[in-house]
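Notes follow the structure.
FYI, it's all coordinate maths here, none of it is from the lab. Since the structure is predicted, the reported quantities are computational estimates derived from the model, not experimental observations. Cβ placement follows ideal geometry from the backbone for every residue including glycine, while neighbour counts extend to all protein chains displayed.
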Amino acid sequence: MFRTILVTATLAACVSSLASWSIDTDRSTPHKHGLFEIREEARRFISGENAKGSEQWQALEPNAKVLVPRCAVPLQTQWTPTSLGRSKPSVMVICAAAVPNTVMKTWDVHVLVERKSHHP
């Protein structure tokens with residue numbers, strides 16, 4: 001009986017935790033780079049691109065399943081090269097040097113973009 005109550009309480013806590021999670025709350029820590037900061041870097045890049053030309057884009061949300069170590073250097077951004085075979089336009093947010101960890105030394109996260117709709 002106690003085990004059932006414990007499992008039920010644990011599941012309820014997990015569900016409420018997941019329900020309150022969003023890209024806006026996924027911030028960087030000393031060990032991981034937050035999706036919020038990755039999204040904001042993609043948005044800054046797109047804002048600069050929109051200022052250059054007539055095409056207007058908006059950055060979407062990064063994949064919520066992405067988990068990357070904290071970047072030790074400023075993030076870089078560029079359009080994802082078509083040679084990578086992605087079917088939709090995206091921005092690469094690039095970390096050239098992650099904080100020391102056992103998983104990866106560098107990483108890049110692709111953030112999809114779409115054309116802004118023009119409302120008359």
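Annotations for the structure displayed:
- Flag for Val99 being exposed (fewer than 12 other Cβ atoms within 10 Å of the Cβ), touching a residue at least 12 places away in the same chain (Cβ under 8 Å) and farther than 21 Å from Arg44 by Cα: no
- Selection within the stretch 64-91: residues that are outside any loop (DSSP other than H, G, I, E, B) and of a type outside the set (Ser, Thr, Tyr). The member of this set that is farthest from the chain's Cα centre (by Cα) is Leu84.
- So Thr29, is it surrounded by 15 or more Cβ atoms within 10 Å (Cβ to Cβ) and touching a Lys or Arg at 6+ places or on another chain (Cβ under 8 Å): no
- Considering each residue of the stretch 101-116 in turn, at least one proves to be in a strand (DSSP E or B), over 15 Å from Leu35 (Cα atoms), β-branched (Val, Ile, Thr) and in contact with a Ser or Thr (Cβ under 7 Å, 6 or more places away or on another chain).
- Here is the figure for the stretch 73-98: residues that are touching a strand residue (DSSP E or B) at 6+ places or on another chain (Cβ under 6 Å) and of a type outside the set (S, T, N, Q) total 9.
- Any hit, the stretch 79-86, residues being under 25 Å from Ser20 (Cβ atoms) and in contact (Cβ under 8 Å) with a residue 24 or more places away in the chain: no
- So Ile94, is it within 15 Å of the chain's Cα centre (by Cα), outside any strand (DSSP E or B), hydrophobic (A, V, I, L, M, F, W, C) and surrounded by 13 or more Cβ atoms within 10 Å (Cβ to Cβ): no
- Applying the criterion of being more than 23 Å from Asn101 (Cα to Cα) and touching a helix residue (DSSP H, G or I) at 6+ places or on another chain (Cβ under 7 Å) to the residues of the stretch 32-68, the residue that is surrounded by the most Cβ atoms within 10 Å (Cβ to Cβ) is Ala59.
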